[in-house]
Amino acid sequence: MYRYLPIRKVHGRQVLDSRGNPTVEVEVTVGEGIVGVNGTTGRAMVPSGASTGTFEAVEIRDGSKRKYMGLGVEKAVSNVNTKLADAILGENALDQNAVDSLLLEADGTENKSNVGANAMLGVSMATARAAAKALKLPLFQYIGGTHAKRMPVPMMNILNGGVHANNTVDLQEFMIMPVGAENFHTGLRMCVEIYQYLKIILKEEKLSTSVGDEGGFAPDLADSREVLSYIVRAVERAGYRPKEEVAIAIDAAASELFDGEKDAYYFPGETQKKGKTVLRSGKEMVDYYKELVQEFPIVSIEDGLHEDDWDGWKHLTRELGDKIQLVGDDLFVTNIKRLRCGIKLQAANSILVKVNQIGTLSEAMDAVEMAQKAGYRAVVSHRSGETEDSFIADLAVACGAGQIKTGAPCRSDRNAKYNQLLRIEEYLGCQACFENPFAPV
Ligand code: PGA
Ligand code: ZN
């Protein structure tokens, strides 16, 4: 239909994310003729993290305390409307790689600190949306091609801790994975039922059922063993078999616990609950995970150690890498340079893919491709600060990642992704495939 689809207009604005903080929204209009009469417009919204990795691309915030506690994104929006718009107006929206290269050039820095990764990502995603819409293709098919048909297994966060909640749970995320489900919608239903049973159990035990930033419950539990026991109880109460049908995944977000001066991981909640300081060395962390993996049906641990501890990660991978998935989030920050280093060192065996950690769609896809070539798995992920934009649902199917991490089935910013996956599954019909990512090939 088209080979050249010119970018006619780029417009950014400041909107709000799921935590009530400002974020960037971008509209890109493509097509021949007069803009506003016969152009096609794609829109995208940019997510934002709380347990942000040191090596992530830079998100530009205004810093003026008089407005939005310094978190405004007016500068980033202005960069969208000037520097980035100037760089890509008239360019071919169908050539995503070239558009993203121009965005990188317009920024000119290694860490995107000039125009901001938040500004760039909004433009990058909105360009893909506009192109898909102009071609009348679903976004996942535009990005992934006709072979894109693998539905991701949800890695559903049902219990929040760390910096995502103000409870005593130290590890950030406890997730369930419906590894025994035969299709996406059944897997989703299983997870939702377990989430609702967990709520009933917490109520029975007079524990809080308020939720953290990603919609998971945030009760004051004593330690990870207690959390994991509650989750296993909820799985069984919902009528499913732990391990065979429903497995558990953890995101420790260990960079947040690491105390550089003490060269150890400090557990503030456990310390408070137990009345004595709980500190674990890197080696003790690995031993702790080994025990938890022995006792509970855990199949995946993300950011088990901090983002700069390559030697520790090598040790962790040697000890647990052939039994479970070890995901690098803050370790790799969706950056192929850091991933290449990890592959060489055999640190971790999987990468978390967050589009705003790197700033363009093409670079995020490069990271997935490098991971898959090296035999690493990829998990497409939301941020703790999200929006109603469901882009990552399409991205997960487009790149055949096989896993998606997008929070609890609670709050519409999270459900937007699950609901979009339901639509994609319906669209694919009997072509849709759903596989246990941990089953032998
Ligand atoms: P974040 O949390 O978005 O706050 O970084 C998600 C994660 O650590 O995976
Ligand atoms: Zn993480």
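Mind checking the stretch 23-74 for trypsin sites (Lys or Arg not before Pro) that DSSP puts in a loop (not H, G, I, E or B) and that have at most 15 other Cβ atoms within 10 Å? Show your work: numbers first, answer last.
Numbers: sites: Arg43, Arg61, Lys65, Arg66, Lys67; in loops: Arg61, Lys65, Arg66, Lys67.
Taking the stretch 23-74 and a limit of 15 other Cβ atoms within 10 Å, the loop trypsin sites (Lys or Arg not before Pro) found are Lys65, Arg66, Lys67.
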Check: Of the listed peptides 237-246, 48-57, what is their order by residue-averaged count of other C-beta atoms within 10 Å, with the highest listed first?
Finding: 48-57, 237-246
Margin query: Among 124-137, 310-323, how do they line up by average Cβ neighbours within 10 Å per residue, starting with the highest?
Written below: 124-137, 310-323
Notebook entry, point to check: Which of the GluC sites (Glu not before Pro) found in the stretch 130-231 are in a DSSP loop and have at most 15 neighbouring Cβ atoms, other than their own, within 10 Å?
Noted result: Glu182, Glu205
Check: In a GNM of the chain with a 10 Å cut-off on Cα contacts, which of Met177, Met190, Met120 has the highest mean-square fluctuation?
Finding: Met190
Margin query: Per residue, how big is the convex hull of the stretch 57-192 when only Cα atoms are used? Give it in Å³.
Written below: 177 Å³
Next item on the list: Counting other beta carbons within 10 Å of each Cβ, put Met370, Met365 in order, fewest first.
Entry: Met370, Met365
Next item on the list: Just rank Ser224, Ser281, fewest to most, by other beta-carbon atoms within 10 angstrom.
Entry: Ser281, Ser224
Next item on the list: With springs connecting C-alpha atoms under 10 Å apart, model the chain as a Gaussian network and identify which of Tyr266, Tyr68, Tyr418 has the largest mean-square fluctuation.
Entry: Tyr68
Item checked: Of Asn118, Asn157, Asn415, the one that fluctuates the most in a GNM where the chain has Cα springs shorter than 10 Å -> Asn415
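Have a look at the DSSP beta bridges in the chain and tell me what percent are antiparallel, nearest 5.
Values: 31 of 52 bridges.
Beta bridges within the chain, antiparallel portion: roughly 60 percent.
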Next item on the list: Give me the compactness ratio for the stretch 376-415, meaning the Cα radius of gyration over 2.2 N^0.38 Å.
Entry: 1.14
Item checked: Neighbour-count ranking [beta-carbon atoms within 10 angstrom, fewest first] of His306, His147 -> His147, His306
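At R0 = 35 Å, how high is the FRET efficiency between Glu261 and Thr209 if r is their beta carbon distance? Nearest 0.05 is fine.
Details: r = 37 Å, r/R0 = 1.06.
My answer for the efficiency is 0.40.
Please quote Rg/Rh for the stretch 1-104 to two decimal places, taking the Kirkwood radius as Rh and restricting both calculations to Cα atoms.
My calculation puts Rg/Rh at 1.03.
Evaluate 2.2 N^0.38 Å with N set to the residue count of the chain, then give the Cα radius of gyration divided by it.
Details: Rg = 21.3 Å, N = 441, 2.2 N^0.38 = 22.2 Å.
Expressed relative to 2.2 N^0.38 Å, the Cα Rg reads 0.96.
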Check: Which of the residue pairs Lys199/Lys273; Lys199/Lys354; Lys112/Lys314; Lys9/Lys149 have a Cα-Cα distance greater than 25 Å in the structure shown?
Finding: Lys199/Lys354; Lys112/Lys314; Lys9/Lys149
Note to self: Run the helix sum for the chain: -39,500 (n - 2.57) per DSSP H stretch of 4+ residues, divided by residue count, reported at 222 nm to the nearest 500 deg cm²/dmol.
What the structure shows: -11500 deg cm²/dmol
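Report the extension gain between Glu426 and Tyr4 in nm, rounded to one decimal, defined as 0.36 nm multiplied by the number of residues separating them, less their alpha carbon distance.
Full extension from Glu426 to Tyr4 adds 148.8 nm.
No lab work stands behind these numbers, since they all come straight from the coordinates. Note that this is a predicted model, so its numbers are computed, not measured. Ideal geometry is used to build each Cβ from the backbone, glycine not excepted, and the neighbour counts take in all protein chains shown.
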